[in-house]
Amino acid sequence: MSDLKASFPAGSAVRGVRFPTTVHAVRSLGGPRLPSGFAVGVDGGRLSFVGLRKQTSLWELPVSSVQAVSVAETRSSPPYPQVALAIVLRVRTGVGFTELPIVPVSDDGKRSLTWRDADVRALAMRLADAMKIARGVG
């Protein structure tokens, strides 16, 4: 993840890939269309989405709007249903909550992660811990 060190403090970012449920959730939260590869990281009280190719900031959310971080499967709808393992962020909105799934890949970006990978829970904890620190809780 060395290419992200300039964008985020060490250990506070996760690589993700575009997935239909992620695109839908980001759109419902007022965000842009994400590129195929991006990183999600915590810096200065903000949860930032950064494109991997151009290293440009795509979108930000306040860390305070994220209520929970978990690991779960995310399923897209027909006509092309897919299932992927995701780090799910529960984001508070003006009318309730939206689940924002981040489908993670390995730190080198070359491997999709599965339930057998201990990395998935470690990546979820990495984001959760970074958000606690940004809030001044941890």
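The values are calculated or read from the model by the stated rules, or taken from the named source; none is laboratory data. On a predicted model such as this, the values are computed, not experimentally measured, just so you know. Neighbour counts run over all protein chains shown; Cβ positions are idealised from the backbone, glycine included. To get the accessible areas, we keep the full protein, side chains included, count just its heavy atoms, and leave off ligands, DNA and RNA. Shrake-Rupley method; radii C 1.70, N 1.55, O 1.52, S 1.80 Å.
Take Leu127 and tell me if it is among the aliphatic types (A, V, I, L, M) and over 14 Å from Ala13 (Cα atoms).
So Leu127 fails the test.
Filter segment 73-119 for residues that are assigned to a loop (DSSP other than H, G, I, E, B) and among the acidic types (Asp, Glu); which is nearest to Leu61 (Cα to Cα)?
Asp107
Let me spell it out: the conditions are (1) in contact with a Pro (Cβ under 8 Å, 6 or more places away or on another chain); (2) surrounded by 13 or more Cβ atoms within 10 Å (Cβ to Cβ); (3) within 15 Å of Ala25 (Cβ to Cβ); (4) not aromatic (Phe, Trp, Tyr), and Ser77 meets all of them except one. Which number is the exception?
For Ser77, the exception is condition (2).
Go through segment 18-57 and count every residue that is open to solvent by 70 Å² or more (accessible area, probe 1.4 Å) and within 11 Å of the chain's Cα centre (by Cα).
1
Would you pick out the residues in segment 58-74 that are closer than 16 Å to Leu113 by Cβ and either open to solvent by 20 Å² or more (accessible area, probe 1.4 Å) or among the acidic types (Asp, Glu) (or both)?
Val69, Ser70, Val71, Ala72, Glu73
Given Val50, Val42, which one is closer than 20 Å to Ala122 by Cα and touching a residue at least 24 places away in the same chain (Cβ under 8 Å)?
So the residue among Val50, Val42 that is closer than 20 Å to Ala122 by Cα and touching a residue at least 24 places away in the same chain (Cβ under 8 Å) is Val42.
Identify, please: which residue in segment 80-123 is among the small types (Gly, Ala, Ser) and at pLDDT below 90 and is, among those, farthest from Ala68 (Cα to Cα)?
Gly109
With respect to the numbered conditions (1) part of a helix (DSSP H, G or I); (2) farther than 20 Å from Gly45 by Cβ, which one is the sole condition not fulfilled by Leu127?
Status for Leu127: all satisfied but (2).
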